[in-house]
Amino acid sequence: MSAPVLEVTDLVKHFPVQRGLLRRTVAHVKAVDGVSFTVAPGETLCLVGESGCGKSTVARLITRLVEPTGGSIRLGGTDITKLDDAAMVAHRRRVQMVFQDPYASLNPKLRAGDIVAEPLENYEAMGRAEREEAVAAVLKKVGLRAEMMRRFPFEFSGGQRQRLGIARALALRPDLIVADEPVSALDVSVQAQVLNLLVDLQEEFGLSYLFVSHDLGVVEHIGHRIAVMYLGRIVEIGSKDDIVSEPLHPYTKALISAAPIPDPRARREKLVIEGDVPSPLDPPPGCHFHTRCPFAVARCRSEAPALREVRPGWNVACHLVET
Ligand code: SF4
């Protein structure tokens, strides 16, 4: 088996909560609390969970938009958490990000060609004509015409703007693209086109994706493996087919049972969970899910379940799931 493109081990991010004139730290938001996973070459790992579970923070940690409190992030074998800004330059091109809101993530004052050319200017020694040729080629790869490079972002439709965001991420031929809810702001009819484009680009360039989404329908379309997060921790990780057809963790069961099914004749066992996600400022002790879990036993309230391999390549954090 080839070495992983990305290896995340015990990743932690606690955001301090500061109060008063002296900005004293009075508490910490435990956004990410000991997360570990790998992404293989050419693989799509989907991070799923409700809003506030920490999945977008994981995406930002991996692209170093925020710094971790602890743990390691190995990109192609190098722990990038230990690198200073100068040393990070060589690695930054290997991981690129596609954002949820393509309009907010594109500089409205730049023409499309300049947006895609920006990373090339920063990382590649190219003459102007060569760069323009490279920009036209990458625009074509994402389904945009070369003459569109003269347009500003507001002159594109939502789907075209996301294609532009993908072109910018693709320009440096990264190993890994971290996509944070990349289709959730798009019309349903456009979502499928953008997802198909991501799949085609993966096949052509051997890209790996870390794909963050709250939408299991989208994840079913694009994912090879799924990692389910709840209150900063991974509670289940395994192949998409296994998890979608036979989820083992009670929280995953509830998520899957609430997802719409494309075939109206198909039926899924319903598991409804009550209540809201507790605050990450003060997560419940033991299993974080025990306050909402219909199967919780006394042990769940005091002892955090370890993420254990219960089937080959399938890990679950629940005291009641047997190997
Ligand atoms: Fe539910 Fe207990 Fe399993 Fe947590 S460990 S998911 S509370 S049964």
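Observations
- Restricting region 160-180 to residues that are part of a helix (DSSP H, G or I) and open to solvent by 10 Å² or more (accessible area, probe 1.4 Å), the residue that is nearest to Gly76 (Cα to Cα) is Arg168.
- Residue that is surrounded by the most Cβ atoms within 10 Å (Cβ to Cβ), among those in region 31-79 that are under 12 Å from Val178 (Cβ atoms) and of a type in the set (D, E, K, R): Lys55
- For region 18-59, the set of residues classified as outside any strand (DSSP E or B) and free of Cβ contacts under 8 Å to residues at least 12 places away in the same chain consists of Gly20, Leu21, Leu22, Arg23, listed by residue number.
- Test for Ile273: is it under 25 Å from Ala192 (Cα atoms), among the β-branched types (Val, Ile, Thr) and within 16 Å of the ligand (Cβ to nearest atom): no
- Qualifying residue in region 243-262 (condition: at pLDDT below 95, touching a Pro at 6+ places or on another chain (Cβ under 7 Å) and within 27 Å of Val194 (Cα to Cα)): yes
- Some residue of region 95-116 being open to solvent by 70 Å² or more (accessible area, probe 1.4 Å), under 24 Å from the mean Cα position of the chain (by Cα) and of a type in the set (A, V, I, L, M, F, W, C): yes
- Lone qualifier among Val297, Val310 - being more than 21 Å from Gly232 (Cβ to Cβ), within 13 Å of the ligand (Cβ to nearest atom), open to solvent by 50 Å² or more (accessible area, probe 1.4 Å) and in contact (Cβ under 8 Å) with a residue 12 or more places away in the chain: Val297
- Pro284 of a type outside the set (Phe, Trp, Tyr), surrounded by fewer than 18 Cβ atoms within 10 Å (Cβ to Cβ) and touching a His at 6+ places or on another chain (Cβ under 7 Å): yes
- Region 1-38: number of residues that are of a type in the set (Asp, Glu) and closer than 18 Å to Ser239 by Cα: 1
- The sole residue among Lys55, Lys30 that is among the basic types (Lys, Arg) and within 16 Å of the chain's Cα centre (by Cα) is Lys55.
The values are calculated or read from the model by the stated rules, or taken from the named source; none is laboratory data. None of these values were measured; they are calculated from a predicted model. Neighbour counts are summed over all protein chains in view; Cβ atoms, including those assigned to glycine, are modelled from backbone coordinates with ideal geometry. Remember, those area values only see protein heavy atoms, side chains included, never the ligands or the DNA or RNA. Shrake-Rupley method; radii C 1.70, N 1.55, O 1.52, S 1.80 Å.
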